[in-house]
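Written below as structure tokens is the structure these notes are about.
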Amino acid sequence: MADAVTQVDTPVRGASSPSPKGRGFDVKRLPGFATVAWMCLLVLYAPMLVLVLFSVNDNRSVTIWTKFSWRWYEEVINNEGIQHATVLSLKVAVVAMVVATAVATMAALATTRTRAYRGLPVVYGIINQPLMVPEIVTAVATLSFFALIKQATGVTGLGYLILAHTVFCIPFAYMPIRARLEDMDLTLEQASADLYATPWRTFRRVTFPLLLPGIFAGAMLAFVISLDDVVISLLVAGPGESTLPIYIIGQLRRGVTPEMNAVSTIFLAVSILLVTFFFVLARARK
Amino acid sequence: MSTSVPETGATAAQSAERRAVRTRWLLVSPAVVIIGCVGILPLSIILLYSLLEPAEYAGVVWTFSPEAWMGLVLERDIFDDTLGLSSAHLTIYTRSILQALFTTVLTLIFGFPTAYFIATRPAKERNIWLFLVTIPFWTNLLIRTFAIMLIVRDEGLVNHALINIGLIEKPLAILYTDVAVAIGLVYAYLPFMVLPLYASMEKLDFRLVEAGYDLYANRRRVLRRVIVPLVKPGVIAGCILVFIPSIGAYVTPRLLGGGKNMMLGNLIANQFGTSRNWPLGSAMALALMGLVMIALVIYVRNVTAAGQKSHG
Amino acid sequence: MSPDGKASQSGSAAVEAQRVTKIFGGGDDQVVALDDVSVQIGENEFFTLLGPSGCGKTTLLRLIAGFEHPTDGRILLGGEDISPLPPFQRPVNTVFQNYALFPHMTVGGNIGFGLEMLNKSKQEVDDAVTEMLRLVRMEELRNRRTSQLSGGQQQRVALARALAPKPRVLLLDEPLSALDLKLRKEMQIELKRLQNETGITFVFVTHDQEEALTMSDRIAVMKEGAILQIGAPRDIYDHPSDRFVAHFIGETNFLEAELLERKNGAAKVKFPSGAVLPASLPDAPISPGKVSVVVRPEHSRIATTKKDAVLSGTLENVVYFGTDTHFHFRLNDGAQFIVRMQNARDSGDDFTPGQELGIAVEADAVQVLRD
Ligand SMILES: Nc1ncnc2c1ncn2[C@@H]1O[C@H](COP(=O)(O)OP(=O)(O)OP(=O)(O)O)[C@@H](O)[C@H]1O
Ligand SMILES: [Mg+2]
């Protein structure tokens, strides 16, 4: 007690020796953290930069820089295997994206902004199930299931792969749509009903336009996720159904070539573009 | 309206409620049906498969056998048919668990300061950082692993540089070792640690940190006694998000580990490929899923406990 | 449901709640938000629901708008039962507390939305929007995004939007609570003006008694899901029939007295001091004997003659308020009593705490309470 009193009486240390301007005690700073952060950034981007750099290197070596050239890109564009795989990847991704986004939008409408109802936790559980099971498990389970169906019905085709992609795309599409709906003011829809709009017109004129950025964001994620998938495609795809990642992994088994750098760079660029778009949409929310 | 029996408030309410319930179920049913049939039903099929005998060329024979589940850790001697511990499998399990733990710890060590640093930036700068961390999160794992491959190969950048400066004469064999896999996993899952950590640090109330300093705690103690406990849910979420995919990793060990340094994911895939033992593969997949479920339960427990503590 | 629907036997009631009960939830956690509420609101009336938080004001509005269904009872609009109608078929519009302006539409788009939904022609919608913008004095903001508006402007747009379809009844749920004091005063006047110009029935919710008193034609004071008293502001203020109402609105003095046997009409109460004064009775039947009465502080003064003094006590405290002064008394029977007197130029410092003084009460100032 007495100590506390004397301390109050002594002049405040900071006041007697003022710290240099703008260099006061920063409560948020922790020493060394900034260094680690910059290091992480370097670690995350350096390998990708190397990949991009050597994709425009006019040399078979993927280590020694000679001079700039687009030649590997030309080879990629003229490579039939890559063309094929790209078209297939896009086909699968587009269909999976459309179906998953539509289905996720509907589900999001029915699982937000209501009082908790019986069965709601189960519905959440089901929709998020693909996120909770390791990819390899989903892959072998889906493979077994499809094998059984193929055996029973004799039907084959790209449909299986698309269906498998749709399943794991749904929770990714669902996340931003649901987030958007939960941010949305319920009274807007009530205001619309109050102003003589039928439920359908309320959806079309109020709910849907406000939800659109969320739907785009969800579609974007679904598309990226489908495009990127390796494990499930690898196990589920039938013969001749190589998506781009499957094609790449197959080529890598035979050795690292500059064409792989070029095709990877293109892939990277597409992903970054889509994610940037997603970021912009997510910020449009505010 | 004047001629028909007027509906009372209560029955109007009931029919409105009934309509709402019907619409609701109509809307969720496509998602539930698709995931139920193609996501959940197959899990019960591999449960069934795990109790059957393998067919000679892929698939199963429909006779009951506990062999697959025993085969998780045991193997039959080729000569005298006695059961013994399968050292090959056990090695792979141990490697998978150690690799996953190592990845989790290392990403946490790097990710925590990074997330904290990002969360304490001014808003504009913070968005740029966040964007930069999010990009690798969503870019293709295969391609990012390939990029690592370019760096650690015998003719890769690291060896090239080391030889050039005269530190070593022959290239170090990094690719196709456990070290390469570890590097690849940490690289792959670092953003998975940073983002959830960031999410909880963003909500951190810095008045509490100020209170800590005010009560004579130094930086280290504020970190240990105030910041870490407050962002614990984020730490747990990050660890789960890294641990689950890394224990079942397939692409990274396949590209960077080669055949000798397989992990559980590769072992399972092999049972459905070259090894042609679907029941064993199914049993292993289910065991892995069990492990993940345990991790998730621990997560949920911890998070709810943390939530209760902060409210209580 | 035509907006000009025929008059019914219930006379001129624009909206009527008949024995409405609303129960939320079920089982253990059920909440009785409205308990057997009946009220008639007339055409062109500015009707206010006043009461503390959670008393069921919003619930009653939402029942009229159709966002909730009554558990029991009926809601009539112009004499017709609208219980089965969904919100979008009721000629009733709401001004939401947070305004609920559509962020993806312009000011004009918001205001025209209702008419558009009623399938009016584009011309009609445009004209109505123009008219409404003029009414709320915002002509130049027609093409603005609603997010670029100030609080007061948003408020006006919300009003214009709800008025544009010319509803039979306009429901306003604490529409001014988000505004600062100065803007609130302005909007109070604005609202009154709009109601006069449009002639639409306003049902207005507030928990601000001053707002209720200044704006309303009639006020319903609510408590715990029930309406305690309905009346004109003066009525409610001067003749509260209930302890809660008296307490909720304005400052007041509660006293014990004895209601005397009624002789030819006028009721009289007798105070412990022996003084007998005429008193107003509440609507409810009440029997002679011990009763509680209220006297507003401004209806009493410090007695100058012994004859005037109905009560007497010790002056404990004098609080000066500029326009008037409050004198806090401790009565001889221990109760508190406040006298409020206007400050004239020559009054004021004659009284000092500790003095024993008499208190006079104006004729007709004594109100007997129910129960
Ligand atoms: N949807 C609902 N579910 C359950 N209870 C509700 C619901 N809506 C209102 N209530 C309850 O009904 C009672 C009356 O609520 P209401 O919103 O009508 O009060 P209010 O008078 O508008 O209060 P305030 O002045 O705070 O807005 C409260 O006890 C409230 O908790
Ligand atoms: Mg309310």
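Quick grid of which residues meet (1) more than 17 Å from the chain's Cα centre (by Cα); (2) within 16 Å of ligand 1 (Cβ to nearest atom); (3) surrounded by fewer than 16 Cβ atoms within 10 Å (Cβ to Cβ):
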| position | (1), (2), (3) |
| --- | --- |
| C:SER147 | yes, no, yes |
| C:GLY151 | yes, no, yes |
| C:GLN155 | yes, no, no |
| C:ALA160 | yes, no, no |
| C:ALA164 | yes, no, no |
| C:SER177 | no, yes, yes |
| C:LEU183 | yes, no, no |
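Taking the stretch C:273-316 and the strands (runs of 3 or more DSSP E) fully enclosed by it, the elements with 2 or more residues that are of a type outside the set (A, V, I, L, M, F, W, C) are at C:289-295, C:300-302. The set of residues in the stretch B:267-279 being within 11 Å of chain A (Cβ to nearest Cβ) and either aromatic (Phe, Trp, Tyr) or touching a residue at least 40 places away in the same chain (Cβ under 8 Å) (or both) consists of B:LEU267, B:PHE272, B:TRP278, B:PRO279.
Yes or no, residue by residue, for (1) within 17 Å of the chain's Cα centre (by Cα); (2) more than 22 Å from A:LEU131 (Cα to Cα):
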residue: B:GLY257; (1), (2): no, yes
residue: B:LYS260; (1), (2): no, yes
residue: B:TRP278; (1), (2): no, yes
residue: B:SER282; (1), (2): no, no
residue: B:ALA287; (1), (2): yes, no
residue: B:VAL292; (1), (2): yes, no
residue: B:ALA295; (1), (2): yes, no
residue: B:ARG301; (1), (2): no, no
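Among the conditions (1) more than 13 Å from chain C (Cβ to nearest Cβ); (2) surrounded by 20 or more Cβ atoms within 10 Å (Cβ to Cβ), the only one that A:ARG180 does not satisfy is (1). Looking only at residues in the stretch A:137-166 that are small (Gly, Ala, Ser) and more than 28 Å from B:LEU291 (Cα to Cα), the one that is nearest to the chain's Cα centre (by Cα) is A:GLY159.
Regarding C:ARG243, is this residue farther than 24 Å from C:GLN188 by Cα, more than 16 Å from ligand 2 (Cβ to nearest atom), over 15 Å from the mean Cα position of the chain (by Cα) and not assigned by TED's automatic domain parsing to the domain that holds C:PHE337? When the stated conditions are applied, C:ARG243 passes them. Considering A:THR138, A:THR142, A:THR156, which residue is touching a residue at least 40 places away in the same chain (Cβ under 8 Å), assigned by TED's automatic domain parsing to the domain that holds A:PHE279 and in a loop (DSSP other than H, G, I, E, B)? A:THR156 is the lone residue from the list that is touching a residue at least 40 places away in the same chain (Cβ under 8 Å), assigned by TED's automatic domain parsing to the domain that holds A:PHE279 and in a loop (DSSP other than H, G, I, E, B). Here is a check on your reading of the model: is C:LEU133 more than 16 Å from ligand 1 (Cβ to nearest atom), modelled with pLDDT of 90 or more and open to solvent by less than 60 Å² (accessible area, probe 1.4 Å)? So C:LEU133 fits the description; yes. Among the residues of the stretch C:305-335, those identified as of a type in the set (Val, Ile, Thr) and closer than 19 Å to C:GLY354 by Cβ are C:THR314, C:VAL318, C:VAL319, C:THR325. Filtered by the rule that a residue be in contact (Cβ under 8 Å) with a residue 24 or more places away in the chain and under 31 Å from the mean Cα position of the chain (by Cα), the stretch C:259-273 gives C:LEU259, C:ALA267, C:VAL269. Suppose the filter is touching a residue at least 12 places away in the same chain (Cβ under 8 Å), of a type outside the set (Asp, Glu) and open to solvent by less than 40 Å² (accessible area, probe 1.4 Å); does A:VAL270 pass it? Here the answer is no, as A:VAL270 does not meet what is asked.
Residues are listed down the side, and each one gets a yes or a no for (1) in contact with a Gly (Cβ under 7 Å, 6 or more places away or on another chain); (2) of a type in the set (Val, Ile, Thr); (3) open to solvent by less than 20 Å² (accessible area, probe 1.4 Å); (4) more than 22 Å from C:GLY225 (Cβ to Cβ):
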position: C:LEU60; (1), (2), (3), (4): no, no, yes, no
position: C:GLU68; (1), (2), (3), (4): no, no, no, no
position: C:LEU76; (1), (2), (3), (4): no, no, yes, no
position: C:SER83; (1), (2), (3), (4): yes, no, yes, no
position: C:GLN89; (1), (2), (3), (4): no, no, no, yes
position: C:GLY108; (1), (2), (3), (4): no, no, yes, yes
position: C:GLY114; (1), (2), (3), (4): no, no, yes, yes
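Within the stretch B:241-253, residues that are in the same structural domain as B:MET263 (by TED's automatic domain parsing) reach partners that are aromatic (Phe, Trp, Tyr) with beta carbons closer than 6 Å, at six or more positions or on different chains, in the pairs B:LEU241/B:PHE192; B:VAL242/B:TYR189; B:VAL242/B:PHE192; B:SER246/B:TYR189. Let me confirm something: among C:ASN93, C:ASN98, which residue is under 21 Å from the mean Cα position of the chain (by Cα), closer than 28 Å to C:GLU210 by Cα and open to solvent by 10 Å² or more (accessible area, probe 1.4 Å)? After applying the criteria, what remains is C:ASN98. Quick one: in the stretch C:17-63, of everything that is at pLDDT below 90 and assigned to a helix (DSSP H, G or I), which residue is nearest to ligand 2 (Cβ to nearest atom)? My answer is C:ASP29.
The values are calculated or read from the model by the stated rules, or taken from the named source; none is laboratory data. Predicted model only: the values in this text are computed from it and were never measured. Here Cβ is always computed from backbone atoms with ideal geometry, including for glycine, and neighbour counts include all displayed protein chains. Just the protein is used for accessible areas: all its heavy atoms, side chains included, with ligands, DNA and RNA removed. Shrake-Rupley method; radii C 1.70, N 1.55, O 1.52, S 1.80 Å.
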